[in-house]
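Colleague: Have a look at this one before I ask anything.
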């Protein structure tokens, strides 16, 4: 069986800075994978390369066996990769439901169909009761979930979540993890950028660690926290002690 | 929870709208010829303003050179009618097609090379001025001397779109009704949603699968074709076309004041705004002439714009809708009162 997502020697250079350095990894078809690393490790850049917001300087990205590196973001979305933004970007002029409908318009032109799909996506993340609210009325956790619902409404096979739990209090984050688990059970593959290690341990089945743009380790959460390079470069000496 | 009525405009709004148009139609039967001419121009500028309002208010693309499309429409009608004796209906269709192509080309060139926002607006000015200069030197379309429609006599003819002032009043009123309906329909369609998303955040909408490059070209092209119809009608009403008057910067500016004052991207904004600003402009102009203060009308425009931006930044129409909503909620749905108070 081919892997869902395959990065092969992917690099991205910004002038003199090598933000992503020769990263390769594969994602299986289901489950939650976490991409972790300290600030500036190139996690978000890596995300933007996969989602097509930026083209890679080198290397290739395959999705479902097909090369997608260099494709524009809208085409990659239509192929089945949904993404959220680290800084939430709702369309302020629209209601919650209308925001989510936009994603559905990537596969339908019928307003009624888009509305049904948007309600479904909102129900999945628990925002159903707030469908008709204005964006300004949403709390931060709600906004994060709105981002997720928007990405879900595009009917992705792979969901890229950029720090959806950053800034959330522990019970809120736990609720988000529960939502993600449910989505994964429905067969969705999720790639999560996160730097709160406790959440990663709880949510992800597979962890990829980036440091200075390069992959330094990959494996189960349990394996990662005992990996000497990860402990030294990211978690700090105190973590293992 | 209150049910959101978003599939179709609610019945009250449609009835109110039709009643408003019925009043305007009845006015067409009783007003004197001076007011008829004034309102005809108001309606035509409303119609053209609606096209501009769709492009900026929904699509997020600013044009300050919409006179380009107006001119293309006007000249298509004038040339085909005056030179070849063809019905203006052909001219309107040809003008629409030409304006759509010119708009698409302009947008394609601009967005292909990442010329966006205010730089795109500058490009529209340049294109309109370029066209004006070309038409000023082009003998076939009458150059600076312009083209004149032969004086109309005899009964009103819908086929040749020729008739008296009252005839044009109803034609342009019909155009406005068409424009209001089209705006309302587009707002509630796939295009309306996608265009508004693209206007608010281009990168975020691309991540949601919106083909923004295509849609930006589409909205400019669509708006251009719409404006060309207005230009063709304007040429017929004025009975002549000159490059400076139909393609000049003045037209581009006159178009955009109404929608901004009335409410960008809304169905009724351009009509309300133009109904207020254009007569104000004429009035200020007349007063200015009487007392020897030229340019008083431009001061009037400026004051109207400042007042609206200051007091009602979304425009007059959205302000009316919001106050109407809160009034009806209070009186019709007593149980919603608490919700209202909480806000």
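Colleague: Just to check your reading of the model, which residue among A:9, A:59, A:16 is in the same structural domain as residue A:189 (by TED's automatic domain parsing) and modelled with pLDDT under 90?
Modeller: A:16
Colleague: Next question, about the same structure. Can you give me the number of residues within segment B:63-93 that are without any contact (Cβ under 8 Å) to a residue 60 or more places away in the chain and not in a helix (DSSP H, G or I)?
Modeller: 2
Colleague: Residue check, residue B:266 against (1) assigned to a helix (DSSP H, G or I); (2) buried (at least 24 other Cβ atoms within 10 Å of the Cβ); (3) at pLDDT below 95; (4) under 17 Å from the mean Cα position of the chain (by Cα), all met but one. Which one?
Modeller: The number of the failed condition is (1).
Colleague: Any idea which of (1) within 14 Å of chain B (Cβ to nearest Cβ); (2) surrounded by fewer than 23 Cβ atoms within 10 Å (Cβ to Cβ); (3) within 22 Å of residue A:165 (Cβ to Cβ); (4) under 15 Å from the mean Cα position of the chain (by Cα) is the one residue A:129 doesn't satisfy?
Modeller: Unmet for residue A:129, out of (1) within 14 Å of chain B (Cβ to nearest Cβ); (2) surrounded by fewer than 23 Cβ atoms within 10 Å (Cβ to Cβ); (3) within 22 Å of residue A:165 (Cβ to Cβ); (4) under 15 Å from the mean Cα position of the chain (by Cα): (4).
Colleague: Hey, among the residues in segment A:173-214 that are assigned to a loop (DSSP other than H, G, I, E, B) and in contact with a helix residue (DSSP H, G or I) (Cβ under 7 Å, 6 or more places away or on another chain), which one's modelled with the highest pLDDT?
Modeller: A:204
Colleague: Please determine whether any residue of segment A:90-97 is under 30 Å from residue A:231 (Cβ atoms) and in contact with a helix residue (DSSP H, G or I) (Cβ under 8 Å, 6 or more places away or on another chain).
Modeller: no
Colleague: To continue, here is another question. Evaluate the following for residue A:152: is it in contact (Cβ under 8 Å) with a residue 60 or more places away in the chain, buried (at least 24 other Cβ atoms within 10 Å of the Cβ) and in contact with a strand residue (DSSP E or B) (Cβ under 6 Å, 6 or more places away or on another chain)?
Modeller: Here the answer is no, as residue A:152 does not meet what is asked.
Colleague: Would you confirm whether any residue within segment A:137-152 is over 17 Å from the mean Cα position of the chain (by Cα) and either at pLDDT 95 or above or within 12 Å of chain B (Cβ to nearest Cβ) (or both)?
Modeller: yes
Colleague: For residue B:41, indicate whether it is surrounded by 11 or more Cβ atoms within 10 Å (Cβ to Cβ), closer than 26 Å to residue B:227 by Cβ and over 13 Å from the mean Cα position of the chain (by Cα).
Modeller: no
Colleague: Which numbered condition trips up residue A:100, out of (1) in contact with a helix residue (DSSP H, G or I) (Cβ under 7 Å, 6 or more places away or on another chain); (2) more than 23 Å from residue A:168 (Cα to Cα)?
Modeller: The one condition residue A:100 does not meet is (2).
Colleague: So, in segment A:82-108, of the ones that are more than 7 Å from every other protein chain (Cβ to nearest Cβ) and closer than 12 Å to residue B:206 by Cα, which residue ends up surrounded by the fewest Cβ atoms within 10 Å (Cβ to Cβ)?
Modeller: A:84
Colleague: Answer yes or no as to whether residue B:87 is within 30 Å of residue B:159 (Cα to Cα) and at pLDDT below 95.
Modeller: Taking the combined requirement at face value, the residue satisfies it.
Colleague: Tell me which residues, restricted to segment B:24-38, are in a helix (DSSP H, G or I) and over 27 Å from residue B:228 (Cβ atoms).
Modeller: Matches in segment B:24-38: B:26, B:27, B:29, B:30, B:33, B:34, B:35.
Colleague: Within segment B:63-74, can one find any residue that is in contact with a strand residue (DSSP E or B) (Cβ under 6 Å, 6 or more places away or on another chain) and modelled with pLDDT of 95 or more?
Modeller: yes
Colleague: Another question, then. Report those helices (runs of 4 or more DSSP H) wholly inside segment B:139-256 carrying at least 2 residues which are away from every other protein chain (no Cβ under 14 Å) and modelled with pLDDT of 95 or more.
Modeller: Passing ranges, in order: B:165-187, B:212-238.
Residue-wise test of (1) farther than 22 Å from residue A:180 by Cα; (2) over 18 Å from the mean Cα position of the chain (by Cα); (3) at pLDDT 95 or above.
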site: A:20; (1), (2), (3): yes, no, no
site: A:44; (1), (2), (3): no, no, no
site: A:47; (1), (2), (3): no, no, no
site: A:65; (1), (2), (3): yes, yes, no
site: A:93; (1), (2), (3): yes, yes, no
site: A:105; (1), (2), (3): yes, yes, yes
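Colleague: Could I ask something else about it? Return yes when residue B:25 is under 20 Å from the mean Cα position of the chain (by Cα) and either at pLDDT below 95 or more than 14 Å from chain A (Cβ to nearest Cβ) (or both) and no when it is not.
Modeller: Considered against the rule, which asks whether it is under 20 Å from the mean Cα position of the chain (by Cα) and either at pLDDT below 95 or more than 14 Å from chain A (Cβ to nearest Cβ) (or both), residue B:25 comes out as yes.
The values are calculated or read from the model by the stated rules, or taken from the named source; none is laboratory data. What you are looking at is a predicted structure, and each value in this text was computed from that prediction instead of being measured. Neighbour counts are summed over all protein chains in view; Cβ atoms, including those assigned to glycine, are modelled from backbone coordinates with ideal geometry.
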